[in-house]
Each structure stands twice: as structure tokens, then as C-alpha cells.
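The structure appears below as C-alpha cells.
The values are calculated or read from the model by the stated rules, or taken from the named source; none is laboratory data. All figures in this text were calculated on a predicted structure; none of them were measured in a lab. In this analysis, Cβ positions are derived from the backbone assuming ideal geometry, glycine residues included, and neighbour counts consider all displayed protein chains. Just so you know, the surface numbers come from the protein's heavy atoms only, side chains and all, with ligands and any DNA or RNA stripped out. Shrake-Rupley method; radii C 1.70, N 1.55, O 1.52, S 1.80 Å.
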Amino acid sequence: MNDGHVSKTETTKEEGKSFEVDIIVESTDENALTHLDYSPKSQIYAGKLLPSDYLTTDFEGKETGLFKIKYNKKSGNFTSRISHSPCTITGMGMNIDDGNKWLEITFAERLRDECKILRMPQVKALSNDGIKELINKGFIITLKFIPDLNEYLAECLKFNYDELDKIIVAQKNGWKPKTKIIDECFVFGDRAYTKDSTHLVEMVEGAALKGLTKKGTFENWIKGMNGILSEPIVRFKIYAAMSAMILNLVGVDSFFVDDSGESSTGKTTTSSVAFSAIGNPKDLKWSADTTVVGAEKMAELFCDLPFYLDETSVQKNQDMLTALIYMISNGKGKLRGKKEGGLLIGGSWNSVVLTTGEKAITDNDGFTGQLVRVIELHCDMRYLPDEVELAKRTMQDNYGHLVEPFIKKIFDYKDNIRDETFSDLKNQFTKTNTSVGDRLSNTFAAITTAGVLIEEIFEEIGVETVDPFAITNKYFEEIVENAPIESYSHRALQSVYDWIQVNIKNFVDSRSNRPDLSLGQKQLHSGWISDEYIDLIPLELRRAIRESGYNSTTVQKEWADEGILVHRKENKKDGSVTRRFSTKVKYDGTQQDVSRLNLKKVHEILGLKSMEPTWPTIKVPKED
């Protein structure tokens, strides 16, 4: 041969398959094959043919591992060991989240040992880092032969390119567009569901698999939950949790469902029941004592899925909870700088987060934008001790059975789910004529849409069904219509108004212009009250706002804009104009700097029917 190689073709059989084995020997001696002694089976490993000049045994069949066939004039043909462990590339695929190629390497510590599989990005598999990872998993090779193994793996890829098993890799759960290797699909743990089929998935990060498992039977789960499944709060939480899978399809933002109240009210049990429909409720329950970075990573991995933060009361940093609500609801992570320069773009997701705790996560220091992201519940389940105990026992051995039929239902409805099902349901909710009310209408319509699909599944398996709109509208009316969301400044106004009522003795009257002396000499003087105004010492007002959990500057600006707080303009030396949230008045001939609240406006905003104050009145002088 003019290429310096000699070839020989033989036929061998393995597992009923015939292979043409082409042995290529590095040689310039065309008589070299007369010295060649080998078993054709040594060129097959893990069901794949090895490249022509590689074997898994030496010529005598005494040594095993990975060998390359070589030849020299002095000794003729011989096998040179690369490693003590055999391996080959058995699969090739793509990460459907970033488009990168991946390889599957099958290997064993020794030839007769059970095969192991390691999957990694192609760029890593064909590098020293990939070989070192093989070594960490038990592959036996001397470091000096790593370059030879790199060359061998590249040859395997080239040699079996069209015969390799197809593998699907994903970085996170959720919806994926159609790619070269799979149609549009929903990735849930180690499975990818398309409209017509199910495929195994290699998940890059093991954390994305946590809890997304199935155990027991759907029938046993239904039997165990039957006693509490008819409770509205249980049904609502199941709808809400499952709605995470359709948010992307109906164009609704991520949101929280927060169930707060005293212990032993059923908050944790009802939330666990909802998550037992998805997977292992114990593993799907995360501690609320986390960081923004940790929550961001979790939200990205569980994209288009719900997750559960238990006992938010253990998170002592209220600012942290506020940041979590904003970040997760916005569906995007932060931009961060790279050490080498440039920006690292944060992840994206759609999520529904169920939270429980003794205290509501939307505390007083939350802004209006935070409120529209959270559905606040107070568990209203009946006292059912026996039924609850049965549900708890059932969840230990039966969970994760509602997801697969639910995803199939989504595919059935997918083409019309937004323009028909979701749109029709949205129109059924009462219009609140406010932006926050309309946004929550969207959220409740998404929850109800999930409820429609779930009730169809229940009907198909013989579970008594309910009207999902009746369930969700019950909570919509309680939360949105009966308790309309107030703006940040109005919530602050209510708190300050309550503070004044509590501290009423600290306001002077027309007879003394002094605080009630019974309060003691150290009691601060807070201000004056009349039929028209509440005049507070500015320092006292700022303290009252801060102690109520609000930002003093923000509140006073919004009050001034709405005519609640009387303000004045001042010309600065540079010619600019600034606003002062105080005014000058005289009391008993002494000019006072006060923060003046328009009492009529205060009562109007707080919805107080009577304009009569509940404290002694005085005649307040006009502004100086």
C-alpha cells in the first residue's frame, strides 16, 4: 500500500450483529499481517466498533485495557498499551439550552467490569480535563498516555459518527423550542415530553433533578388525599403550583402565593399536598433562609415549575425577602461583572413560589410593586385531623403522578390555551379598574386555566370534580375586591394615623399648648391637632414613618403630590427651586416649623365616614 499501512478485513458477530472489522497496522512491510494474531471481538466494546488500529486486548488475549497496534522492522507487529481500562464514545448529542455538543463515554475500570457512563461537553471530553474526570471516576491510565487517549477518543468520534446513540442534554427544566434533535418539549427532571413522545434527558446540574421523582401510584395518592382534596385551599394551591407550567404560554408574570398565620392551621400540610402532585414534597421544600443568589439559581433551574419556601419567618432580613420577591417575580437574574471583564447575563425563568410562615412576606416596608406579585392567603381549611394524618402518610410513599398527564393536557390545549381558554377565563373576573387589580386578574386567570386542565384529568380517573372558577374566584374576591391593594404612601398614612391615635395625649390642646404633664417630663411634644389639620413636629413625623416601616422621604414626596402634606417651595442660591415638606405657623406667638397634614384629605383617603376627630380640638392659626 502506498500510504504506509496494511489492512485486513474479517467478520465477527456480537449480540447477533455482524461487523466488518478493518484492521489497519502502522507498517511499511506488506508481509506484516502474516505475523498478526488477534481476536476480532477485541475490536468491539460497549456495542461499538473501535477504530481500526485499536484493541481491548493484546494479541495473545492475556492483557486487557486499551491498546494501539504498532509495527517495527525489528519486532514486527505489537500492541502498545494506552490504558488499563477500556473505553469508547457511545453517544453524541446537544445541550438544548445552549446548543453545545456533548459526548457520552462508556468505560470500565477493567474489561470485564460493569460499564460506566460519563457525559460531558465535547470540548471537555477531548481535552486533558475530560480524561482527568474519567480518572476520578475509576478509569486507570498513566498520565503520560493522556495525549494518546485524547487522540483515540477523537478517532472514535470520527469512526462511529453516524452510529452513535443520540443523547439530549439540558441545563434546566421547562419549555424548550424545537431543535435538530428534538421537537418542542417540556423538560421535567430526567424526561423531555413532546406532543407525541417522551425522551430521557441528561441534566447538567443534579440540583435541577431534586424532588422531581415519582413514587407509588396515582390511585393510592388519590385515595389518601380524598379527605382533603375537596377543601378549596387545597384545590387552589394545586392549581397555583401547576400553573407555573403554563405562565410562559399565557404571558403571565411569575408570582408568589403566601400562606401566613399561626402554627397548626394547615399551611404546611396544604402546601405539601400541592407539591406531592409534582414530586417528593419533602425534597421540593426549601428553606426560606436563603440568599438572593441562591434563590436566583434555584428559580433558573426550576424554570416553568413551582418551588416551595417554608417558614419565611426564619428569614430575619426583611430586605432580603423583598429582594427575593422582586427578583423572582421579574423573571430575570442580575447582570454581574466578570473577573476578565464584560458582563455575565443572569438567567431567566417563569415561576410560582409557595411560601408559608407566621408573618406575611409583604410586610409594611413593601412597595406596591411587591404587593401585586403576591397572593396573600390565610389557610381556611376545616379541622380534619384524621384526613390530614392520612394525607401526610400517603405523601411519604405516593407522589409525582399528576405532572405527566398535566403536561399532556397542556399539549392538547397548547394552540388555543392563550387566546381561548385563558382569555375567556380572564373576562369572567370582575374588573377592578386599577392596574394592580387587572394584573392580579391575569394571575388568577392563569391559575384557573391550570384548574380546568386538572379537573379534566380528575374526571378521567373518576375523581369528583369541582368548578375551578368557583374555587379561584372565591379567593379573588377576598383578596382583590374586598381588600383592594393600597399604594405605598396610603399604607404609610394609615400607619401614621394609627400612631397618632395611640399617642394622642402627646398632642397639645388649646388650653395649655403643652403635652400632658402626666406623661412625664421626658415625653416628647409631637404636635397640634384641629378640625382642619394635624400639625406635627417634622422630626416626630419622620420618626413615626420610619418606626412604621416606611421610607420617610418617599412617603412625604407622595403625600405632597396628593395634597395630603402641605409643602412650600424655596428658591436656592443657584437659582433652582426645592420643595420643603414643612411650613411655618405660630402658636401662642411662637413661630413653629411643622409638617401639616390636611385632615379632610386624610379621612377621604382612609375611607373614614366621619370627619369628626376623636381627640380634643383647638383653633389652629393660619400659615405665617
Next item on the list: Report the extension gain between Asp438 and Asn330 in nm, rounded to one decimal, defined as 0.36 nm multiplied by the number of residues separating them, less their alpha carbon distance.
Entry: 37.2 nm
Next item on the list: Using a 1.4 angstrom probe on heavy atoms only, work out the carbon and sulfur share of the accessible area of the stretch 33-175 in %.
Entry: 47
Checklist line | Which listed pairs, of Lys116/Lys210; Lys297/Lys359; Lys285/Lys409; Lys62/Lys137; Lys223/Lys426; Lys101/Lys132, have C-alpha distances above 28 Å, in listed order | finding: Lys223/Lys426
Notebook entry, point to check: Separation between the Asp412 and Glu262 pseudo-spin-labels, each 7 Å from Cα along Cα→Cβ, expressed in nm?
Noted result: 4.4
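With a 1.4 Å probe and all protein chains left in place, how much accessible area per residue does the stretch 524-594 have, in Å²? Walk me through the numbers on the way to the answer.
Values: 3800 Å² over 71 residues.
Here the per-residue accessible area is 53 Å².
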Checklist line | 19 Å reach of a label modelled at Ser487, 7 Å along Cα-to-Cβ, counting backbone N of the stretch 592-607 | finding: 596-607
Next item on the list: Order these peptides, 460-466, 291-297, by their mean beta-carbon neighbour count within 10 angstrom, highest first.
Entry: 291-297, 460-466
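Return the FRET efficiency for the residue pair Asn248, Asp424: r is the Cβ-Cβ distance, R0 is 22 Å, and the value is rounded to the nearest 0.05.
Numbers: r = 19 Å, r/R0 = 0.88.
It comes out at approximately 0.70.
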Check: Roughly how many Å² is the accessible area per residue of the stretch 61-209, as a whole number, for a 1.4 Å probe?
Finding: 51
Note to self: Take Asp561 and Asp113, extend 7 Å from each Cα along the Cα→Cβ direction, and tell me the distance between the two endpoints in nm.
What the structure shows: 6.8
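In the calculated pair distance distribution of the stretch 150-259, what percentage of Cα-Cα distances lie above 18 Å?
Details: 4072 of 5995 pairs.
So the pairs more than 18 Å apart make up 68 percent of the total in the stretch 150-259.
Need the full-extension length gain, Ser348 to Ser197, defined as separation in residues times 0.36 nm minus the C-alpha distance. One decimal, nm.
Details: separation 151, 0.36 × 151 = 54.36 nm, distance 2.65 nm.
Between Ser348 and Ser197, full extension yields 51.7 nm more.
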Notebook entry, point to check: Given labels modelled 7 Å from the Cα in the Cβ direction, how far is it in nm from Glu460 to Asn551?
Noted result: 4.9
Item checked: Protection proxy ranking of 384-392, 554-562 - average other beta-carbon atoms within 10 Å, highest first -> 554-562, 384-392
Margin query: Kirkwood hydrodynamic radius, the stretch 67-209, all distinct C-alpha pairs: what's the number in Å?
Written below: 16.6
